[in-house]
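Asker: Before I ask anything, here is the structure I am working with.
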Amino acid sequence: MNYQAMIMMLLPLIAMINLMLYKNYFLHLLLCLEVITLSMLMYLTLNMLMINMNIPLISVIMLTLGACEASLGLSVLVIMVRMYGNDHINNLSMNKC
């Protein structure tokens with residue numbers, strides 16, 4: 001097994017562990033989700049190159065969905081910071097009026 005494939009397999013795992021352990025800030029959650037999305041894109045591209053498959057459309061669709069995810073997450077982050085003054089997850093509650 002070459003080191004590129006090993007890194008591609010470990011990146012989402014590390015990001016998911018990081019996502020589960022450190023979930024205090026919304027920006028940190030967004031960065032972990034972005035790492036998972038980009039590692040999936042790199043893994044998909046690496047697999048296409050290994051089997052000599054030339055379908056760039058799937059990579060473009062994944063990249064587009066990742067960009068949409070990032071823009072929606074940043075817009076929610078901006079709204080959250082404007083309303084609450086910070087991006088702490090603990091401050092969010094449905095009981096507040």
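Asker: Does the range 23-35 include one or more residues that are open to solvent by less than 90 Å² (accessible area, probe 1.4 Å), modelled with pLDDT of 80 or more, in a helix (DSSP H, G or I) and within 22 Å of ASN2 (Cα to Cα)?
Answerer: The answer is yes, given that some residue of the range 23-35 is open to solvent by less than 90 Å² (accessible area, probe 1.4 Å), modelled with pLDDT of 80 or more, in a helix (DSSP H, G or I) and within 22 Å of ASN2 (Cα to Cα).
Asker: Look through ILE58, ILE89 and report the one residue that is touching a Lys or Arg at 6+ places or on another chain (Cβ under 7 Å), touching a residue at least 12 places away in the same chain (Cβ under 8 Å) and surrounded by fewer than 14 Cβ atoms within 10 Å (Cβ to Cβ).
Answerer: ILE89
Asker: Across the range 36-54, what is the number of residues that are β-branched (Val, Ile, Thr), without any contact (Cβ under 8 Å) to a residue 24 or more places away in the chain and open to solvent by less than 60 Å² (accessible area, probe 1.4 Å)?
Answerer: 1
Asker: Inspect all residues belonging to the range 60-67 and state whether any of them is over 21 Å from LEU13 (Cα atoms), modelled with pLDDT under 85 and either part of a helix (DSSP H, G or I) or in contact with a Pro (Cβ under 7 Å, 6 or more places away or on another chain) (or both).
Answerer: Scanning the range 60-67 turns up at least one residue that is over 21 Å from LEU13 (Cα atoms), modelled with pLDDT under 85 and either part of a helix (DSSP H, G or I) or in contact with a Pro (Cβ under 7 Å, 6 or more places away or on another chain) (or both).
Asker: Is it true that some residue in the range 10-21 is surrounded by 11 or more Cβ atoms within 10 Å (Cβ to Cβ), modelled with pLDDT under 80 and of a type in the set (A, V, I, L, M)?
Answerer: There is no residue in the range 10-21 that is surrounded by 11 or more Cβ atoms within 10 Å (Cβ to Cβ), modelled with pLDDT under 80 and of a type in the set (A, V, I, L, M).
Asker: Next question. For residues that are within 30 Å of ALA5 (Cβ to Cβ) and surrounded by fewer than 11 Cβ atoms within 10 Å (Cβ to Cβ), tally how many sit in the range 68-86.
Answerer: So the answer is 1.
Asker: Checking MET94 against (1) assigned to a helix (DSSP H, G or I); (2) more than 20 Å from the chain's Cα centre (by Cα); (3) at pLDDT below 80: exactly one of these is not met. Which one?
Answerer: Of everything listed in (1) assigned to a helix (DSSP H, G or I); (2) more than 20 Å from the chain's Cα centre (by Cα); (3) at pLDDT below 80, MET94 misses just condition (1).
The values are calculated or read from the model by the stated rules, or taken from the named source; none is laboratory data. Everything numeric here is computed off the predicted structure, so don't read it as measured data. All Cβ positions, glycine included, derive from the backbone under ideal geometry; neighbour counts span all protein chains shown. Side chains are part of the model used for accessible areas, which takes the heavy atoms of the whole protein and leaves out ligands, DNA and RNA. Shrake-Rupley method; radii C 1.70, N 1.55, O 1.52, S 1.80 Å.
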